[in-house]
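Q: Have a look at this one before I ask anything.
The values are calculated or read from the model by the stated rules, or taken from the named source; none is laboratory data. Treat the numbers as computed from the prediction; the structure is a model and nothing was measured. Because the Cβ atoms are built from the backbone with ideal geometry, glycine has one as well, and the counts that use them run over all protein chains shown.
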């Protein structure tokens, strides 16, 4: 039992953040009042923020966002960010260095990228109210060219293997069964690093950049074993990013796994057809998007090139002491027509999001119990 005089702290964690549109403060305005009461506010920075360098990606490159567009994070109370996304290396070393530099000048501790693998793996640790919260992040989706090495800037990563098992049926051309799983040595290395961090903080959060983008509810084969391995190694909670759409929530050994927090502020014209979209890779992606993922972005939101379903989103919410997490759940949110996430702080407005979280969790075999608690939803096993 927690003693009545034991200090408590409030943690919020958001989904993916891309701020590549003018007037960046406007996108955070509807959520600032809530975020700013958090003692620890955790985000995931998706794209480089720099005015230097040039595209170095052979994947679908994300254009860099203006450095000053990160300034609203400080005003909202963000003090921890993971940066280990698949676009972190899109503008090469300048993109990584400049993004980290501005976040650090804003007083935001970072993890997940660096000038080499050692610095990319360095955890972010922040202390408030006598409670030390540590955050460490891993990229599980690639691209490999963005992975850091001992002599190359990039992201911290855990390697995921993909195996294609041919169909046993006597019909050439049938689709193979696809198996995905963490590479054993890479997984052990991740767990060892989590164990090391466990000794340096009271609360340990692991950010995993994982999963399949844009699809409804889907949790890939490797994702649950990977997240559970992080808990086994000492994590108090796992927060997933990358999918740009919400995923279900799992309670494993009494601890929360937010398989994907979806989008928070994600505004960019980069994936919307326009005269100034000069990347053949991006234009090819735009053409393939509907075929691969079955959706078309809302034409009235040209700055939001994501599945319209992804406008249903959440903030992870945890109350902690030096002894651990005492309660956890989420705050229902909805991304409005201006691209700004709104806090749904009454039950009638929040019910659609609550039902959605229940649905996508149950579809993936995740059993959770939810209780409305005056502005947020508590989760128990």
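Q: Pull out all pairs, ordered by first then second residue, where Cβ-Cβ is under 6 Å, the residues are six or more apart or on different chains, the first lies in segment 362-380 and is touching a residue at least 24 places away in the same chain (Cβ under 8 Å), and the second is surrounded by fewer than 15 Cβ atoms within 10 Å (Cβ to Cβ) and not in a strand (DSSP E or B).
A: That search, which allows pairs on different chains as well, returns 372/347.
Q: Next question. Residue 28 - would you say it is on the phi < 0 side of the Ramachandran plot, crowded, with 24+ Cβ neighbours inside 10 Å and modelled with pLDDT of 95 or more? Don't jump to the end; show me each part of the working.
A: Details: on the phi < 0 side of the Ramachandran plot: yes; crowded, with 24+ Cβ neighbours inside 10 Å: no; modelled with pLDDT of 95 or more: yes.
No: the conditions fail for residue 28.
Q: Now, a different point. Of all residues in segment 10-47, count the ones that are over 30 Å from residue 325 (Cα atoms), part of a loop (DSSP other than H, G, I, E, B) and in contact with a strand residue (DSSP E or B) (Cβ under 7 Å, 6 or more places away or on another chain).
A: Summing the residues that are over 30 Å from residue 325 (Cα atoms), part of a loop (DSSP other than H, G, I, E, B) and in contact with a strand residue (DSSP E or B) (Cβ under 7 Å, 6 or more places away or on another chain) in segment 10-47 gives 3.
Q: Quick one: in segment 234-284, of everything that is over 30 Å from residue 367 (Cα atoms) and at pLDDT 75 or above, which residue is nearest to the chain's Cα centre (by Cα)? Steps first, please.
A: Just the residues of segment 234-284 that are over 30 Å from residue 367 (Cα atoms), to begin with: 267-284.
If we keep only those that are at pLDDT 75 or above as well, we get 267-270, 284.
Values: 267: 15, 268: 17, 269: 20, 270: 19, 284: 25 Å.
Only one residue tops the list, namely 267.
Q: Taking the conditions exactly as written (under 30 Å from residue 323 (Cβ atoms), surrounded by 14 or more Cβ atoms within 10 Å (Cβ to Cβ) and either touching a strand residue (DSSP E or B) at 6+ places or on another chain (Cβ under 9 Å) or touching a residue at least 40 places away in the same chain (Cβ under 8 Å) (or both)), does residue 124 satisfy them or not? Before you say what the answer is, go through the steps one by one.
A: Working: under 30 Å from residue 323 (Cβ atoms): yes; surrounded by 14 or more Cβ atoms within 10 Å (Cβ to Cβ): yes; either touching a strand residue (DSSP E or B) at 6+ places or on another chain (Cβ under 9 Å) or touching a residue at least 40 places away in the same chain (Cβ under 8 Å) (or both): yes.
Considered against the rule, which asks whether it is under 30 Å from residue 323 (Cβ atoms), surrounded by 14 or more Cβ atoms within 10 Å (Cβ to Cβ) and either touching a strand residue (DSSP E or B) at 6+ places or on another chain (Cβ under 9 Å) or touching a residue at least 40 places away in the same chain (Cβ under 8 Å) (or both), residue 124 comes out as yes.
Q: Looking at segment 280-292, which of its residues are surrounded by fewer than 17 Cβ atoms within 10 Å (Cβ to Cβ) and closer than 10 Å to residue 214 by Cβ?
A: Result: 292, single match.
Q: Counting only residues that are within 21 Å of residue 332 (Cα to Cα) and assigned to a loop (DSSP other than H, G, I, E, B), how many does segment 302-315 have?
A: Here is the first cut: in segment 302-315, the residues within 21 Å of residue 332 (Cα to Cα) are 304, 306-315.
Checking the rest, the ones that are also assigned to a loop (DSSP other than H, G, I, E, B) come to 304, 306-307.
Selection size over segment 302-315: 3.
Q: Need the failing condition index for residue 354 against (1) in contact with a strand residue (DSSP E or B) (Cβ under 7 Å, 6 or more places away or on another chain); (2) not in a helix (DSSP H, G or I), just the number.
A: (2)
Q: Of these, 154, 137, 146, which one is out of contact with any helix residue (DSSP H, G or I) (no Cβ under 8 Å at 6 or more places or on another chain), surrounded by 19 or more Cβ atoms within 10 Å (Cβ to Cβ) and over 26 Å from residue 11 (Cβ atoms)?
A: When all the criteria are applied, what remains is 146.
Q: Go through segment 327-352 and report how many residues are within 25 Å of residue 133 (Cβ to Cβ) and either touching a helix residue (DSSP H, G or I) at 6+ places or on another chain (Cβ under 6 Å) or exposed (fewer than 14 other Cβ atoms within 10 Å of the Cβ) (or both).
A: Qualifying residue count for the region: 3.
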